[in-house]
1. Starting from the amide H of GLY17, placed 1.01 Å from N in the peptide plane, find each other amide H under 5 Å away whose residue is 5 or more places distant or on another chain.
2. For the stretch 4-48, rounded, prolate or oblate, judged on the Cα gyration tensor with a ≥ b ≥ c (square roots of eigenvalues), a/c < 1.5 rounded, else prolate if a/b > b/c?
3. List the residues whose amide H sits under 5 Å from the amide H of GLY53, counting only those 5 or more places along or on another chain, with H placed 1.01 Å from N in the peptide plane.
4. What number comes out for the charge environment of ALA66, summing +1 per Lys or Arg and -1 per Asp or Glu over other residues with Cβ under 12 Å away?
5. Expressed in nm to one decimal, what extension gain is obtained for the pair LYS72 and GLU86 from 0.36 nm per residue of sequence separation less their Cα-Cα distance?
6. Determine which residues of the stretch 29-72 fall in the zone a paramagnetic label at CYS14 would reach in this model, i.e. backbone nitrogen under 19 Å from the point 7 Å along Cα→Cβ.
7. Bin by bin, in steps of 5 Å, what percent of the Cα pairs in the stretch 1-106 do you find, going until the bin that has the longest distance?
8. Relative contact order of the stretch 7-139: what whole-number percent is it, with Cα pairs under 8 angstrom and at least 6 residues apart?
Amino acid sequence: TDDTTVPILHEGHCRQGRLWTYVGDEANPYLVYAYTPTRSGQGPLAWLGQWKGFLQADAYAGYNPAYAQGAKHVGCWMHVRRNFFEAKENDPARAHEALARIRLLYAVESDAKDDGLTGQELTAIRRERAGPLLASADKIRVIVKGAGGHASMPHDAIDPVPIACAIVLGIQQLVTRT
């Protein structure tokens, strides 16, 4: 799931609303767009309700009520990748290393798509090829936390905010996956 802004004509002027996208799986092959006037977490909760499956989403805290109701958070590598990409100017060494590792995960998905894998075959190739990449999370943790095991900012970073955002999302993703 994810949301995007949409312009809404209201009393002669435009304001922002939200369009939430929900994509099902093989057992629930649906694509749903749900509108909400705000980005409140009540929007996803109203749609998801007591649903207990996997929810692939970004780090938006508005999904937390759905997780509290039983949905299982599955993080989004695209959001993590975007933050490391944006951090390349400020902390190139860690940003490039993280991007290279995420690229390896993307290659697994690309190859599976090219081979037309679905269902159990897709699960098997992910376990075989992506599993070891995710299992080597200690290497990724060194990138996002630094060699000392704690999140750290380089002292010479021009602006530490981009790499800090990437590190926080990266750590959240690792907690979700490992």
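Read the figures in this text as sums done on the coordinates, not as results from a lab. Model, not experiment: these values are computed from the prediction. Because the Cβ atoms are built from the backbone with ideal geometry, glycine has one as well, and the counts that use them run over all protein chains shown.
1. VAL6, ILE8
2. In terms of gyration-tensor shape, prolate.
3. Close amide H contacts, sequence-distant or interchain: LYS72.
4. Charge balance in the 12 Å sphere: +2.
5. Stretched out fully, the LYS72 to GLU86 stretch lengthens by 2.2 nm.
6. Once the point is set 7 Å along Cα→Cβ of CYS14, 35-39 turn out to lie under 19 Å by backbone N, inside the stretch 29-72.
7. 2, 11, 17, 17, 15, 13, 13, 8, 2, 1, 0
8. Computed value for the stretch 7-139: 13 percent relative contact order.
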